[in-house]
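Working notes, beginning with the structure itself.
The values are calculated or read from the model by the stated rules, or taken from the named source; none is laboratory data. Here the structure is a predicted model, which means the values were calculated and not measured. Heads up, the Cβs are rebuilt from the backbone with ideal geometry, glycines too, and the neighbour counts pull from every protein chain shown. To get the accessible areas, we keep the full protein, side chains included, count just its heavy atoms, and leave off ligands, DNA and RNA. Shrake-Rupley method; radii C 1.70, N 1.55, O 1.52, S 1.80 Å.
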Amino acid sequence: MIPDRTRRIDLDACASVQSLVDGWTFLVGQYPQHGFSSDGPVRSFLANVDNAFLNMVVIEAPTCGPQGFADALGRAARIMQQCPYPAMLASVPKWYPDAGDAMFAAAGLVHAQDLWGMAAPDLAPPRRSEPELDFRLVRDSQSAIDIGLVNAAAYAMPAEAFAITGNVHQWSGEHFGVVGYADDEPVTGALAYIQDGQIYIGWVATLPDRHGQGLGEAAMRRAITAAQQAATRPLPLWLHATEAGRPLYRSMGFEEAAHMRLHVLEGETH
């Protein structure tokens, strides 16, 4: 497929949230105990596994004034409390009413981290040569486990929290995980999957002692290329970045859409 960076992408807050909703619909839907719900502006995507990122509640649209926002937070908090595992709430700060932060506290929710929706019609050319790693598509149980181990190490989370990746090779739909190995040890990984309206990228991670070597970018490019080759038409690339990842994604041609915040229940870790 010929790259076309002249295509325009809607980068407003609604598009960014819709990308997250679509991405999590596919991701969470791969887990047998998953559950989806919709109540006004509150949507939930619960894999019901021990990883808060896969138990996501989203405020997907602006609410009707302060009371509407408080009600949405209350509904979101109740869903999170009923989930048997830690969960997260994603929301857009530009949609908060005055005193919105106090409303989170009143609902028992505390800020955990920030995300930025980012999108590109295609990738900018690479800035450096590809590192000398053994890159493998995730097509068996070991490579599926390995992409989780790299993510657990990168985000300083217990390896058990990413045991949920062990079935990636058995997922439905078109998905392309890539793991990079150095001397048979997994050091970086990324995942891209195809939906009707986007190629979504996630689980981009590199071992902390291998940062700054272009490994994550190389894994990402390979995953995206595989997805683009499998797609039947050009699709925009979407991801949601942490603060640490934003500079890399900008250098690869991604533009920022909406700033989002993740909240967890008070007393829970993520």
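Given only helices, namely DSSP H runs of n ≥ 4 each adding -39500 (n - 2.57), what is the per-residue ellipticity at 222 nm of the chain, to the nearest 500 deg cm²/dmol?
For the chain, the value works out to -9000 deg cm²/dmol.
For region 83-168, what does the alpha-carbon gyration tensor say about shape, rounded, prolate or oblate, given a ≥ b ≥ c as the root eigenvalues, a/c under 1.5 as rounded, and a/b over b/c as prolate?
Oblate is the answer for region 83-168, as a/c is 1.5 or above yet b/c matches or exceeds a/b.
Tell me, in nm to one decimal, what length is gained between Q142 and T232 on full extension, where the rule is 0.36 nm per residue of separation less the Cα-Cα distance?
In short, 29.5 nm is gained.
Going by average Cβ density within 10 Å per residue, which order do the peptides 227-236, 205-214 take, highest to lowest?
205-214, 227-236
For q = 0.09, 0.11, 0.13 Å⁻¹, what log10 I(q)/I(0) does region 1-139 give under the Debye formula with an equal point scatterer on each alpha carbon and no solvent?
Relative scattering, expressed as log10 I(q)/I(0), comes to -0.37, -0.52, -0.69.
Among the trypsin sites (Lys or Arg not before Pro) within region 98-157, which fall in a DSSP loop and have no more than 13 other Cβ atoms within 10 Å of their own Cβ?
R127, R128, R139
State the percentage of accessible surface on region 157-270 attributable to carbon and sulfur atoms; use a 1.4 Å probe and exclude ligands, DNA and RNA.
Taking all protein chains in place, region 157-270 shows 47 percent carbon and sulfur surface.
Where the only charges are on Cβ atoms (+1 Lys, Arg; -1 Asp, Glu), what is the dipole of the chain about its Cα centre, to the nearest 20 debye?
Once rounded to the nearest 20, the dipole reads 540 debye.
On average, how much area does the Cα convex hull of the chain cover when viewed from any direction, in nm²?
13.8
With contacts defined as alpha carbon pairs under 8 Å and 6 or more residues apart, what's the relative contact order of region 131-270 in percent?
21
Gain in length, Q113 to S251, computed as 0.36 nm per residue apart minus the alpha-carbon separation, to one decimal in nm?
Extra length from Q113 to S251 when fully extended: 47.5 nm.
Heavy-atom accessible area per residue, the chain, 1.4 Å probe: how many Å²?
Per residue, the chain has 44 Å² of solvent-accessible surface.
Amide H to amide H under 5 Å from N51: which residues, 5+ apart in sequence or cross-chain, H placed 1.01 Å off N in plane?
Amide H neighbours of N51: none.
For region 182-249 and region 10-73, what is the separation of their Cα centres, given in Å?
Using only Cα atoms to place each centre, the spacing works out to 22 Å.
Suppose a student asked you for the relative contact order of region 126-165, using Cα pairs under 8 Å spaced at least 6 residues apart; what percent would you report?
Computed over region 126-165, the figure is 30 percent.
Reported to two decimal places, what Rg/Rh ratio describes region 127-215 when computed on Cα atoms with Rh from the Kirkwood expression?
0.96
Relative contact order for the chain using alpha-carbon pairs under 8 Å, separation at least 6, rounded to a whole percent?
Across the chain, relative contact order equals 25 percent.
Just the Cα atoms of region 173-270: what Rg and Dmax do they give in Å?
According to the Cα coordinates of region 173-270, Rg and Dmax are 14.7, 46 Å.
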